[in-house]
Amino acid sequence: MPHIGARDGTRLYVEEAGEGTPIVFVHEYAGDFRTWEPQMRHFSRAHRCVTYSQRGYPPSDIPEDGSKYGQDIARDDVIALMDALKIDKAHVVGHSMGAATALHVGIHYPERCLSVTAAGCGYGSSPDPKIVEETRAASRATGEAFLKEGMAVMAPRYADGATRQTHKHKDPRGYAEFVQMLSEHSAIGHALTMLHLQAKRPTLWDMQADLKKFKPPLLVLVGDEDDWCLEGSVFLKRNVPTAGLVVIPRSGHTITSEEPAAFNAALADLIANVEAGRWMSHRPPQT
């Protein structure tokens, strides 16, 4: 199985398919490299598609030192992956935790991004500091629970969250596959990712000044039943000058696999417009 080395030597498992303009897919907290299979199959017909498991997610390495996890580290892992694969620029597509990372890549490495997609982005973000701290406390409790209870207990519990109910009821077969993949993860990896990345990363409101200067074309996607991310997605639309917003109806958090056709159509539209130089054609030319 192919691995590349991150800047600190952590090995990240990578899969590629197709040829053409590169697309790099960055998975969510409950996902791994397999999460993006509906996108890999679709977009690899005309693009070089890359999917990987983040550190802490098998078959990538699972560091047992909490200092090996964090938002800046996750951001730099994307760049290390692109460097190792000799990808100068790519469409960087992230979901949930991966969407936050994709935004940080777009902020700090805009020259490496043809575009950025942030799907299901905004968990833990709020203009209310009390809500932010409550969410971070819940994240810390979740991280500790993964350590104490293990994957066999925590995978079905975490998968059965409020914002994944539409997937559960609309597509029981797909939902069962999602739970099964989650159960194959590492409890230590999930715990340290939650404790040192999710519970500590800046909120979207913390990032507002940088988001107002965001350069790459940005696609924001969110399910209309994804209550944790709706407000954050609208915030991104209102603050990022290059942002376009797509709301997928009757859908929750796991939109990449819950509604792959709608997700793929929106992403294909972004890529086509960006590559034609037309993403911002709806606005008057800058003088």
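The values are calculated or read from the model by the stated rules, or taken from the named source; none is laboratory data. Fair warning: this is a prediction, and the values are worked out from it, not measured in the lab. We place every Cβ from the backbone using ideal geometry, glycine too, and count neighbours over all the protein chains shown.
Things worth noting here:
- Number of positions in the range 102-131 that are touching a residue at least 12 places away in the same chain (Cβ under 8 Å), surrounded by fewer than 17 Cβ atoms within 10 Å (Cβ to Cβ) and closer than 18 Å to PHE235 by Cβ: 1
- Scanning the range 192-235 for residues that are of a type in the set (A, V, I, L, M, F, W, C), touching a residue at least 12 places away in the same chain (Cβ under 8 Å) and over 19 Å from PHE25 (Cβ atoms) turns up LEU192, MET194, LEU195, ALA199, LEU204, TRP205, MET207, LEU211, PHE214, TRP228, LEU230, PHE235.
- Every pair of residues 6+ apart whose Cβ atoms lie under 8 Å, when the first sits in the range 176-191 and is under 11 Å from PRO63 (Cα atoms) while the second is among the β-branched types (Val, Ile, Thr): SER186/ILE62; ILE188/ILE62; GLY189/ILE62
- Pairs are defined by a Cβ separation below 6 Å, a sequence spacing of at least 6 or placement on different chains, a first member in the range 140-164 that is under 15 Å from THR193 (Cα atoms) and β-branched (Val, Ile, Thr), and a second member that is surrounded by 14 or more Cβ atoms within 10 Å (Cβ to Cβ) and modelled with pLDDT of 95 or more; the pairs so defined are THR142/MET194.
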